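A quick write-up on the structure given underneath.
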Amino acid sequence: MEMNMMSERYDYLIVGAGLYGATFAYMAGRRGKRCLVIDKRSHAGGNVYCREVAGINVHVYGAHIFHTNDREVWDLVNSIVPFNRYTNCPVAVAPDGRLYNLPFNMNTFYQMWGVRTPEEAQVKLDEQRREARERMAAEGATEPRNLEEQALTLIGRDVYEQLIKGYTEKQWGRRCTELPPFIIRRLPVRLTFDNNYFNDAYQGIPVGGYNRLIEGLLEGADVVLDSDFFADRGRWEGMADRIVFTGRIDEFYGFRFGRLDYRSIRLETEVLEVANWQGNAVVNYTSGMVPWTRIIEHKHFEAFGAAVYDNQRTVISRECPAEWAEGMEPFYPVNDARNQETYMKYKALADREERVIFGGRLAEYRYYDMAPVMAAAMRRAEEV
Ligand code: UDP
């Protein structure tokens, strides 16, 4: 966009063209507000951005599977782009060398213990959970104090050791005893033969990729890419009445209370001359000895059944977790006690801002999924 277009004044300057910023722009636009969206990357979409490689939409920043119970969000996204019927059913390669279905369900329990009925599985689970509860009680604890205790009381030692411990410790770069219990509560445990990773009513991937969704959301806004807010803060701030900030909250406040930690992912992407490499979109590697947490085979997000073979090539990405450092992409907030305490100091400042709205994973320092991020932006844009 030409700079002279930007001499006008906007109602909102939105810093960050990810899902929060794009959804806010869409909603505010529908209410007649003028929005300028800036992003330091050379593309919009934040981490849902896709790039076409070998005729396949590649999730450049790791697997993004849209799922929600929120009818309003589902209707909004479907009004912009149709969604396909993708259902996430990951498979795990465990340290014992065997394959297990995820999330934890009757298939997993059959593979782990040979149990065939919900009743048999329940007996096994109760036995393992009791052991974990007794161990905690001996230390005077009534509630799980960390992720390890949460996992042991939820699912027991066998599943914890094969499917959780190694994965979680490499994903977060911390011991399970140092991580908050809520991270593992995301995963369902069920006594049915149901491999659907999510419990939500609606799930899918936009037909043609996520860029279509983002383009639709940003249609009514002015968008300027390759522009770092912090490189020219005064000028950007002067261009609108209010600001929606979706970047790192610690950076917004000049790190005055110290830096927040993030986890990052390095994606190693390869084009392979085979039509179907792993037979599934997501395969987790739960051993602490394998450097990646999962391998994604992108075509399975959008081609099902025989259509997998329409393209004789495939694209895979290994997701290798890493501690975040300046210059890398911050993917996940690390909501341990120290970081949470630091974040609350920043949040107290943010709560007092009259001109600035903070939203999304980085600005709210919250392990948000896509649909809740959109719901939050929709609600916020309706308040203003
Ligand atoms: N998790 C695990 N084993 C797995 C998959 C997930 O222990 O095979 C744990 C791990 O702690 C992870 C958390 O569950 O951080 C949440 O997993 P999810 O797949 O929801 O993570 P995301 O897709 O957001 O990275």
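The values are calculated or read from the model by the stated rules, or taken from the named source; none is laboratory data. All figures in this text were calculated on a predicted structure; none of them were measured in a lab. Every residue, glycine as well, gets a Cβ built from its backbone with ideal geometry; the counts of neighbours run over all protein chains shown. Accessible surface is based on the protein model in full, side chains and every heavy atom, while ligands, DNA and RNA are left aside. Shrake-Rupley method; radii C 1.70, N 1.55, O 1.52, S 1.80 Å.
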Matching residues, segment 72-101, being free of Cβ contacts under 8 Å to residues at least 40 places away in the same chain and within 21 Å of the chain's Cα centre (by Cα)
ASP75, ASN78
Between residues in segment 252-266 that are open to solvent by less than 10 Å² (accessible area, probe 1.4 Å) and residues that are of a type in the set (Val, Ile, Thr) and not in a loop (DSSP other than H, G, I, E, B), which pairs lie under 6 Å by C-beta distance while being six or more apart or on different chains?
LEU260/THR342
Per the list (1) away from the ligand (no atom under 15 Å from the Cβ); (2) more than 23 Å from the chain's Cα centre (by Cα), residue check on ALA22 breaks on (2)
Evaluate segment 167-176: report whether one residue or more is more than 12 Å from the ligand (Cβ to nearest atom) and part of a helix (DSSP H, G or I).
no
Residue list for segment 352-363, filter: open to solvent by 10 Å² or more (accessible area, probe 1.4 Å) and farther than 13 Å from TYR332 by Cβ:
ARG352, GLU353, GLU354, ARG355, VAL356, PHE358
Would a scan of segment 164-185 turn up a residue that is β-branched (Val, Ile, Thr), open to solvent by less than 50 Å² (accessible area, probe 1.4 Å), under 21 Å from the mean Cα position of the chain (by Cα) and at pLDDT below 95?
yes
Which one of these does THR153 not meet: (1) among the β-branched types (Val, Ile, Thr); (2) more than 30 Å from ASN84 (Cα to Cα); (3) out of contact with any Pro (no Cβ under 8 Å at 6 or more places or on another chain); (4) surrounded by 14 or more Cβ atoms within 10 Å (Cβ to Cβ)?
(3)
Is it the case that segment 275-298 has a residue that's in contact (Cβ under 8 Å) with a residue 60 or more places away in the chain and more than 16 Å from the ligand (Cβ to nearest atom)?
no
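Across segment 330-353, what is the number of residues that are within 14 Å of the ligand (Cβ to nearest atom) and either modelled with pLDDT under 95 or assigned to a helix (DSSP H, G or I) (or both)? Spell out the reasoning first.
Within segment 330-353, the first condition is being within 14 Å of the ligand (Cβ to nearest atom), and the residues that meet it are 330-336.
Now narrow it down to the ones that are either modelled with pLDDT under 95 or assigned to a helix (DSSP H, G or I) (or both): 334-336.
Counting residues in segment 330-353 that are within 14 Å of the ligand (Cβ to nearest atom) and either modelled with pLDDT under 95 or assigned to a helix (DSSP H, G or I) (or both) gives 3.
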Hey, any hits in segment 129-149 for a residue that's part of a helix (DSSP H, G or I) and within 13 Å of the ligand (Cβ to nearest atom)?
yes
Look at segment 295-329 and say how many of its residues are in a helix (DSSP H, G or I) and on the phi > 0 side of the Ramachandran plot.
1
Considering only residues of segment 275-291 that are open to solvent by 60 Å² or more (accessible area, probe 1.4 Å) and hydrophobic (A, V, I, L, M, F, W, C), which is farthest from GLY62 (Cα to Cα)?
MET289
